[in-house]
Structure formats: structure tokens, C-alpha cells
1. What number of residues within segment 140-177 are open to solvent by 90 Å² or more (accessible area, probe 1.4 Å) and under 21 Å from Arg128 (Cβ atoms)?
2. Of all residues being more than 18 Å from the chain's Cα centre (by Cα) and under 18 Å from Leu4 (Cα atoms) in segment 59-82, which is most open to solvent (accessible area, probe 1.4 Å)? Just the residue, please.
3. Provide a single number: the residues in segment 45-60 that are of a type in the set (A, V, I, L, M, F, W, C) and either part of a helix (DSSP H, G or I) or over 19 Å from Arg81 (Cα atoms) (or both).
4. Looking only at segment 35-52, how many residues end up being under 26 Å from the mean Cα position of the chain (by Cα) and surrounded by 13 or more Cβ atoms within 10 Å (Cβ to Cβ)?
5. Mind checking which residues of segment 1-44 are assigned to a loop (DSSP other than H, G, I, E, B) and among the aromatic types (Phe, Trp, Tyr)?
6. Would you call Val30 under 12 Å from Ile6 (Cβ atoms), free of Cβ contacts under 8 Å to residues at least 24 places away in the same chain, surrounded by 14 or more Cβ atoms within 10 Å (Cβ to Cβ) and not acidic (Asp, Glu)?
7. Are there any pairs, at least 6 apart or on different chains, whose C-beta atoms fall under 6 Å, with the first in segment 140-158 and under 19 Å from Arg169 (Cβ atoms) and the second charged (D, E, K, R) and open to solvent by 90 Å² or more (accessible area, probe 1.4 Å), and if so, which?
8. Of these, Pro134, Pro113, Pro99, which one is at pLDDT below 75 and open to solvent by 40 Å² or more (accessible area, probe 1.4 Å)?
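The values are calculated or read from the model by the stated rules, or taken from the named source; none is laboratory data. This one's a predicted model, so the numbers in the text were calculated from it and none came from an experiment. Neighbour counts run over all protein chains shown; Cβ positions are idealised from the backbone, glycine included. For accessibility, only protein heavy atoms count, side chains too; no ligands or nucleic acids. Shrake-Rupley method; radii C 1.70, N 1.55, O 1.52, S 1.80 Å.
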Amino acid sequence: MDSLQIVLIGPPGPARDRFLSSSPAITPEVLDSVEAYLQRNWDGHGILLLGPGLPPGEILTLLEHEAEREPPRTSLLVEEREGQWQARPLSLGHPLGIPRLAEIAGDPEGKGPVGDLHWVLRVVAKARHDLNNPLTSGLAEVQLLLMDEHPAETRDSLATIQEQFRRLRDMVADLSRLRAPRKDRVS
């Protein structure tokens, strides 16, 4: 099996040099511009690192080109934030016709993939809230019962119930990760 091809596209300069010296674990092929990338004949899968200082117009040209490839390469925008290098994925979804986009956006019932997602997230939030109240009560009651004297068999049963309530509580808490993005974070 061939290794994954990694290409860094970015103009020469101190930022690109800092990135390359701080990332010895990866050894990308380095190109100075999107034009240099487009002139090459690239086959197969790979990762495109869009390096620091790459002009937005060139990034757009590259993304338009990759959207036509089958399959497109994974494109990651490389940037330095607070002294750390990060690679942010740039998604190349399937084309969506403007009439279909208008239909989804204008649907008063919120049908379509975005509306469905928000509906699911609302149901999950309500279920979390509705499950948390009885779980908290049940766990508290079992903990109170465990403070009293009981035969060993009863204590074991109560401990098992307590353990299961805690598992349920943790599963419900894990659902809190399923949230719609905050409006101030959407760009």
C-alpha cells in the first residue's frame, strides 16, 4: 500500500519555515503556489496543507479544482494560533443547486438536512432534561438507603442499582456534546 501523499502549498517565508521546522513528524512535498500544484499530475488520495500566507484567491481556486476531482483530496488550512500550529479542515461537500438551497432555507417547517439536525438536537436536549430529574432523584434515594443498615444481599442490590443509575447519568451527560453550534462561533 502506498503511503499517503502530503503536499504543503504556501509561499516561501518565515511562517512556512517555522511550520516545517516545528513539524518533523510529517515531511510534505512543498510547493510555492496553487499554480505549481495545478500544473502537476496528482493521482490518488492525499492531504493538501494550505500553508500560512497563501492568498485567499489561490485557496478558492484550489478548492474549486479539488471539488471537481473524484475523490477530492483532504484540504487543511494551516495557521498559527497562540504559538501553536493548527490544521483546520476545509470541507468540499457535494454540489447543491441554488433552487434546492433556497427551498431548504425558505421551508417554514425547517425540513431538509439542516432543519432535521436542529430538530434532533432539540429532542436530545429535551430528553436530557427529562431524564436528569428522575435519575438524580433515584440516585439520591439509593444513596440515602445505603446509609442505613441492611443485610448484605440488600446492600449489594442497592450498590448495583446505584452503579446503574450512575452509568445512566454519565450516558445522559455524554449527550450534552450534541449541541447546535453557538451563533457567535459560526463564521
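1. Looking only at that region, the number is 7.
2. The extreme case among them is Glu70.
3. Within segment 45-60, residues that are of a type in the set (A, V, I, L, M, F, W, C) and either part of a helix (DSSP H, G or I) or over 19 Å from Arg81 (Cα atoms) (or both) number 4.
4. The qualifying residues number 7.
5. Once the filter is applied, which keeps residues that are assigned to a loop (DSSP other than H, G, I, E, B) and among the aromatic types (Phe, Trp, Tyr), segment 1-44 yields only Trp42.
6. Yes; evaluated as a whole, the condition is true for this residue.
7. Listed by first residue and then by second, the contacts come to nothing, as the list is empty.
8. Pro113
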